[in-house]
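**Q** I'd like to ask some things about the structure below.
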Amino acid sequence: MTPATLIVLALVIPTAVALLLPLFASRANLRETVTLIGAVLLLVVVLMLLPLVLAGERPALDVWMVVPGLTIAFKVEPLGMLFAIIASGLWIANSVYSIGYMRAEKAHRQTLFYFCFAVAIAATMGIALSGNLFTLFLFYELLTVSTYPLVTHRGTVEARNAGRLYLLMLLGASTILLLPALGWTWVAAETLDFRPGGILGGVVSNTALGVLLALYVFGTAKAAVMPLHFWLPAAMVAPTPVSALLHAVAVVKAGVFTILKVIVYTFGVETLAAAGTGDWLVYVAGVTVIVASAIALRQDNLKRRLAFSTISQLSYVVLGAALFTPLAVLGAALHIAAHAVSKITLFFAAGSIHIGAHVDDISRMKGVGRRQPWTMGAFAVASLSMIGVPPTAGFLGKWFILLAAVGIGQWFAVGVIVISTLLNAGYFLPIVYRAFSKVDGARPSLAEAPWPMVAPLVVTAILTVAMFVWPEIPYQLAEMLSESLTTAPAGG
Amino acid sequence: MTELVKLGGDLASHYNQWITVFLMVSGLYIVIARGNMVKKLVGLSLFQTSVYLLYLSAGKILGGTAPIIDPAFTVYSHPLPHVLILTAIVVGVATLAVGLALVVRINEAYGTIEEDDIFEQDDNRP
Amino acid sequence: MSEHLPALQVVVPLFGALLAALVRRPWPAWLITVVVSIAVLVISAMLLVRVLDEGVISYHLGGWDPTIGIEYRVDIVNALILLLVSAVAAVIAPFARLSVLSEVPEDRIGWFYSMYLVALAGLLGIAITGDAFNAFVFLEVSSLSSYALIAMGRDRRALVAAYQYLIMGTIGATFYVIGVGLLYTMTGTLNLGLIADRLADVESTRSVLVALAFIFVGISLKLALFPLHYWLPNAYAYAPSVATVFLAATATKVAIYLFARFVFSVFGAGFVFADLPVTPVLVTLSVAAIFGAATVAVFQSDVKRMFAYSSVGQIGYITLGLALATVTGLTGGLVHLLNHAIIKAAIFMGLGAVFFRVGGIEFKDIAGIGRRMPITMSAIGIACLSLIGVPGTAGFVSKWYLIVASIEVGWWWLGFLIVLSSMLTVLYVGRFFECVWFREPSPEAATATEPPFEMLVPICLLAAATVYFGIDTELTAGMAQRAATALLEGLR
């Protein structure tokens, strides 16, 4: 198969799944089988692209020019490859988990759920493999629209309000800030392609660079950089597999991926580092990291605490990108991968506790670990990864970002990383401790959630450790990305 | 003083334009100021009539006669504006007819043709 | 035969109207409408092809020389408008049978189709003629028949709406004809091309300025430029569904064409926009329309009325594009003219289908209808996304052009206002979505089902078109750009 075919397949498979699902609306088993087969096929296709990218190829595909300046084009580069692997791999885990969760909850309108899920994955693939800003923007908006029915899936007043906020903030920020940024970029650079070294070097003033960066960063509200983070905790009202999708796989990752990609391929880190007008981003990201962690400390609802933790962790990636050095970009890319597998484990665990022990609040979680050892064991591993303790994946990204910050003497960033690590420990370890502490009275019986829920979360927990022990593939991809920054010619 | 007389003469010599403007403005005023739907239509007709005059006076040549070729005459009025205005009159009549028909139907449906009363009945002011 | 195509374009629907009035019976009258609509579409398509192949077509009606006779002049600009009007008519035709049968008393159906075809002939006539006075006659032909169409609406409020439209429309048309009369006295001709030629000598005389003012205001009334839009919302809201679809998609668009024809081809962009302060006036009014109408739309209780106000706002985008008077801006305006026609046709047709099933179109009537009519509602939903301007839909293409155009001329704030206004669209569309999908079904809605096949197909076709023209823009943006170039070049 040619690389172009593979790119097409990566988009077509989830779309086909989405289109097939309504045909099997009344036959649940068949419907879920279609989803699972699609998910596995997608991973296979994406992994077939991997050797090409590792060999230094950049498979590209120009699909269609909508109007001059707006071309739908795909180009697989290391960062997108990494994101595609994460998203497609975790789709399998999430699908298995969803089957268990949705059936245990006897949720209504499951076909709509799986349909939107598959469309969201297709959009994520489009984002990951996009070859220019317009394609990215197109799929970015498709992702917003396709996840709206997921957020409002419960149909309650609360869900509807959350959906309102979700749609208004994401669509609003991207329309009001991101779209003009695209227009500006097109008028200034006369291209929207992603190119190593960026396209904006030398075509706009330094001040304009700073303003554009702000438009891009805040326009990408999916990255939840403060003050555009409100939608994320509100969206917690959705069913847990959706939260897992939102916070680990698709939506928020698409946000930070967009910011990282724009900084690397549209601005060019050297252009930004030389301009000096983008340095404010370090402070915004740093403040978000600290403040979100501090808020997370005070949350009693488990999913809300995880949500604020996500906001904080996402800004690590932004922080890494904002240091404008190859090493920090490497760290940021690794952190996208690490956070994905860890956070999905945490959300899976939260859902498993919801189904198994019918508990949503941390204050009532005493002894849960003894009743659901597998779930809480995985939760503990993922928590360590969030804090950044070896041997878990979370350590890798943080370490490289820290090294980079020390290397350029950005002591504010160093301080942020150190303090936030303490805060992370402060809000994750008590959960684990409480869950495994003894309950007075009778010996608790085992009450794990159904196996389709437990198996995926154990697998992702193992992945969290495995990524630390065998980090080759993500590391190689991240390294290729950071190398392309220094070897590429500056300017567009 | 002579200048004033000259100005007055200039203005008077364009008396056709003045009539046009007078008809136009008074017609439009009636449309806006009256609440009675038939009176509005009367104003509308007046307004349209002013346009006929505008066109016709442009086609009239002093001393000219009807544009029927005849060796006895050399100066003719321009026929085109007359033809145009024939069309415009037809349009105007048609508009008036449709308007009046609507007013009849409105009267049947509401029992009044005063705009204020109708809005009150529907509570439907745009 | 083929050399008489321009005349046939108008004559065919006119004779169709006569026939429909003679047969009177619902079914044959409908059949005549279908045949005429298809014939008109074929003719306009052939005209467009011929224009693309051979350039401007000049047709002398009755063989009279253009200096005294009427010239039909088809170039790329009006060929496009002709195609739009006839295509909309052709899509409406199959939908019309059941909708008209259910909304119009049986003894008036023949008259309804007769008036509909007269309106069609009038609109095509405005678009095709190259004679200023002939345009007035067609303007009145289309208007008078529209008054009759609207008056056949569902309740007595339609009568008042038609009356109001009649007053405003007649004032507008009379203003227009006053302007034409002044131009005639200055240039001695009614042929648009000849006026344009001869205006150069008398350009800055007071008579020409007054003529421009009268024509500007007169056509603005017809195209419902804010604040002259007073007649539009009620007319659209209370007219029979078929009439609403047709008028919303075509009537204001043809008026905009006439506006553009006068401003760009007759007076010339240099005179109007460079020498006179038309740009600030038109930009202000357009922006006021966009924001004012969208704000009012949010608070409507009648869905058709809400989307009618939305039309007023969307017309603002089109006039904004014209006001910028650059190739990009004008392209944006023209492409939005085409896109908005398709979008609104889809929305109003979908609402027509809802009315057909539910018998009401207030928010309280259609609550929860999404569950009962999922296909119709999804089609409306897609059209609404296009209305918002989500990338991948037709609406995005027009917004992109407008944003780029405003950035090109250095008006950043205008680009910002354009994207900001999209959020207002999100507000009222979101309100509609929530009502349709989340509210408990009303008693009327609970028993509703999908409309019959012959109504559903045109709706889905239009909804698909709003997506298709967001991807393949050769027929919309491509043509619009050529039309914009042609307009800016002048007539001869």
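The values are calculated or read from the model by the stated rules, or taken from the named source; none is laboratory data. The model shown is predicted, which means the values in this text are computed figures rather than measured ones. As a convention, Cβ positions derive from the backbone with ideal geometry for all residues, glycine included, and neighbour counts pool all protein chains shown.
**Q** Is one or more of the residues making up the stretch C:157-179 over 18 Å from C:A224 (Cα atoms), surrounded by fewer than 24 Cβ atoms within 10 Å (Cβ to Cβ), within 9 Å of another protein chain (Cβ to nearest Cβ) and not aromatic (F, W, Y)?
**A** Yes: the stretch C:157-179 contains one or more residues that are over 18 Å from C:A224 (Cα atoms), surrounded by fewer than 24 Cβ atoms within 10 Å (Cβ to Cβ), within 9 Å of another protein chain (Cβ to nearest Cβ) and not aromatic (F, W, Y).
**Q** Here is a list: B:L56, B:L96, B:L100, B:L62. Which entry is within 11 Å of chain C (Cβ to nearest Cβ) and modelled with pLDDT under 90?
**A** B:L56
**Q** For the stretch C:308-349, give me each residue that is buried (at least 24 other Cβ atoms within 10 Å of the Cβ) and outside any helix (DSSP H, G or I).
**A** Passing the criteria: only C:A325.
**Q** Just to verify a result, which residue in the stretch C:91-106, among those that are surrounded by fewer than 21 Cβ atoms within 10 Å (Cβ to Cβ) and among the aliphatic types (A, V, I, L, M), is nearest to C:A353 (Cα to Cα)?
**A** Only one residue tops the list, namely C:L98.
**Q** Within the stretch B:74-87, work out how many residues are more than 7 Å from chain C (Cβ to nearest Cβ) and touching a residue at least 24 places away in the same chain (Cβ under 8 Å).
**A** Count: 3.
For every residue, the table says whether it meets (1) within 30 Å of C:F355 (Cα to Cα); (2) basic (K, R); (3) crowded, with 22+ Cβ neighbours inside 10 Å.
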{"position": "C:S207", "(1), (2), (3)": "no, no, no"}
{"position": "C:V210", "(1), (2), (3)": "no, no, no"}
{"position": "C:G218", "(1), (2), (3)": "no, no, yes"}
{"position": "C:P227", "(1), (2), (3)": "yes, no, no"}
{"position": "C:W231", "(1), (2), (3)": "yes, no, yes"}
{"position": "C:T250", "(1), (2), (3)": "yes, no, yes"}
{"position": "C:R261", "(1), (2), (3)": "no, yes, yes"}
{"position": "C:G268", "(1), (2), (3)": "no, no, no"}
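**Q** Oh, and also: Scan the stretch C:181-221 for residues that are under 27 Å from the mean Cα position of the chain (by Cα), over 18 Å from C:A269 (Cα atoms) and hydrophobic (A, V, I, L, M, F, W, C) and jot them down.
**A** C:L190, C:L221
**Q** Of the residues in the stretch A:306-327, how many are over 17 Å from the mean Cα position of the chain (by Cα) and either closer than 14 Å to A:L402 by Cβ or part of a helix (DSSP H, G or I) (or both)?
**A** 5
**Q** Just to be sure I understand, how many residues within the stretch A:149-166 are assigned to a helix (DSSP H, G or I) and either over 18 Å from the mean Cα position of the chain (by Cα) or on the phi > 0 side of the Ramachandran plot (or both)?
**A** Matching residues across the stretch A:149-166 total 10.
**Q** Do any helices (runs of 4 or more DSSP H) lying entirely in the stretch A:176-269 carry at least 1 residues that are aromatic (F, W, Y), and which ones are they?
**A** Output list reads A:179-189, A:206-219, A:231-234, A:251-261.
**Q** Could you tell me whether the stretch A:116-133 includes any residue that is aromatic (F, W, Y), away from chain C (no Cβ under 11 Å) and in a helix (DSSP H, G or I)?
**A** Looking for residues that are aromatic (F, W, Y), away from chain C (no Cβ under 11 Å) and in a helix (DSSP H, G or I), one finds at least one in the stretch A:116-133, hence yes.
**Q** Then there is this: Restricting attention to the stretch B:105-119, which residues are out of contact with any strand residue (DSSP E or B) (no Cβ under 9 Å at 6 or more places or on another chain) and either over 20 Å from C:I150 (Cα atoms) or more than 10 Å from chain C (Cβ to nearest Cβ) (or both)?
**A** B:G111, B:T112, B:D116, B:D117
**Q** Return yes when B:S13 is among the small types (G, A, S), out of contact with any strand residue (DSSP E or B) (no Cβ under 6 Å at 6 or more places or on another chain) and either facing chain C (nearest Cβ under 9 Å) or closer than 21 Å to C:A211 by Cα (or both) and no when it is not.
**A** No, not satisfied.
**Q** Oh, and also: Does A:A250 satisfy being surrounded by fewer than 24 Cβ atoms within 10 Å (Cβ to Cβ) and in contact with a Leu (Cβ under 7 Å, 6 or more places away or on another chain)?
**A** So A:A250 fails the test.
**Q** What's the number of the condition A:S205 fails, among (1) within 12 Å of chain C (Cβ to nearest Cβ); (2) free of Cβ contacts under 8 Å to residues at least 60 places away in the same chain?
**A** (1)
**Q** Okay, next question. Counting only residues that are within 24 Å of C:V272 (Cα to Cα), within 14 Å of chain A (Cβ to nearest Cβ) and in contact with a Ser or Thr (Cβ under 9 Å, 6 or more places away or on another chain), give me the helices (runs of 4 or more DSSP H) lying completely in the stretch C:401-492 with at least 3 of them.
**A** Ranges flagged: C:412-438, C:479-489.
**Q** In addition: Determine which single condition C:T376 fails, assuming it passes every other condition in (1) within 28 Å of A:I127 (Cα to Cα); (2) in a helix (DSSP H, G or I).
**A** It is condition (1) that C:T376 fails.
**Q** Out of curiosity, is C:F396 part of a helix (DSSP H, G or I) and either over 21 Å from C:I315 (Cα atoms) or within 8 Å of another protein chain (Cβ to nearest Cβ) (or both)?
**A** Considered against the rule, which asks whether it is part of a helix (DSSP H, G or I) and either over 21 Å from C:I315 (Cα atoms) or within 8 Å of another protein chain (Cβ to nearest Cβ) (or both), C:F396 comes out as no.
**Q** Here's a check for you: in the stretch A:147-201, which residue that is of a type in the set (S, T, Y) and either at the interface with chain C (Cβ under 10 Å from one of its Cβ atoms) or in contact with a helix residue (DSSP H, G or I) (Cβ under 7 Å, 6 or more places away or on another chain) (or both) is surrounded by the fewest Cβ atoms within 10 Å (Cβ to Cβ)?
**A** A:T156
**Q** Okay, moving on. Could we say that C:A249 is within 16 Å of the chain's Cα centre (by Cα) and of a type in the set (G, A, S) here?
**A** Spelling it out, C:A249 is indeed within 16 Å of the chain's Cα centre (by Cα) and of a type in the set (G, A, S).
**Q** Further question on the same structure: Of everything in the stretch B:20-55, what is farther than 13 Å from C:G181 by Cβ, within 8 Å of the chain's Cα centre (by Cα) and free of Cβ contacts under 8 Å to residues at least 40 places away in the same chain? Give them in sequence order.
**A** Residues satisfying the conditions are B:L23, B:G27, B:L46, B:F47.
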